Amino acid sequence: LPTFDHLIKIYGVSRATMQQIVKQLREEGFILSINREGLFVADPPPYLSRFAVVYPNAPGEKGWSRFNTAFLNECNNLFRKNPQISVENYFDVRAHQPGEDFERLIEDIRCHRVAGVILHRHTQSILEHPVVKASGVPVVGIYFLPGDLGEYPVINTDYAMFMDRAFNWFSSKRRKRV
């Protein structure tokens with residue numbers, strides 16, 4: 001990107017204003033600031049590399065399942081192994097009960113800070129929000145019934161397949177008792 005002073009001149013703003021702009025863009029993952037080298041566009045930018053995982057409740061709350069804990073841990077592990085991709089978790093996103101994370105998710109979608117949204121059951125109310133409808137952000141649901149999300153894809157597993165994979169994993173770890 002152009003130098004800091006050149007950006008100030010191009011946009012006709014004060015140094016303080018440009019510092020706020022650069023700080024916000026850096027915090028949102030759109031640019032990198034390297035001392036004595038300059039400002040660089042992030043590669044990849046958040047709209048290509050940050051994924052939202054939406055839960056209807058929060059860890060420790062009533063209704064939080066072991067599946068949710070395992071899913072949360074595995075998402076964090078998966079994205080930690082690949083620094084080009086990140087995950088942002090949004091908790092307590094419930095139907096018709098907008099809260100802090102609901103508003104944060106809507107703002108992140110509006111500002112193109114997420115590449116896609118992974119919905120857990122009971123969080124589909126966000127699909128009715130005008131910002132989400134207008135954004136075209138890719139959405140996939142986990143453990144919804146077919147048709148629950150309309151045009152959006154749904155990922156399910158049947159019980160037999162789940163148990164088969166679980167026992168294969170235990171076996172691969174030489175676990176003898178389950």
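The values are calculated or read from the model by the stated rules, or taken from the named source; none is laboratory data. Here the structure is a predicted model, which means the values were calculated and not measured. Cβ: placed from backbone, ideal geometry, glycine included. Neighbour counts: every protein chain shown. Just so you know, the surface numbers come from the protein's heavy atoms only, side chains and all, with ligands and any DNA or RNA stripped out. Shrake-Rupley method; radii C 1.70, N 1.55, O 1.52, S 1.80 Å.
What the table below lists for this structure:
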quantity	calculated
All helices (runs of 4 or more DSSP H) inside the range 39-133 with 1 or more residues being among the acidic types (D, E) and open to solvent by 70 Å² or more (accessible area, probe 1.4 Å)	66-81, 100-110
Any hit, the range 111-121, residues being free of Cβ contacts under 8 Å to residues at least 60 places away in the same chain and either under 21 Å from C75 (Cα atoms) or of a type in the set (K, R) (or both)	no
Which numbered condition V140 misses (of (1) open to solvent by less than 70 Å² (accessible area, probe 1.4 Å); (2) more than 21 Å from A70 (Cα to Cα))	(2)
Evaluation of F79 against (1) more than 19 Å from V114 (Cβ to Cβ); (2) without any contact (Cβ under 8 Å) to a residue 40 or more places away in the chain; (3) not small (G, A, S) (one fails), failing number	(1)
Any hit, the range 47-54, residues being among the small types (G, A, S) and at pLDDT below 80	yes
Number of the exception - W169 against (1) of a type in the set (F, W, Y); (2) surrounded by 12 or more Cβ atoms within 10 Å (Cβ to Cβ); (3) without any contact (Cβ under 8 Å) to a residue 24 or more places away in the chain	(2)
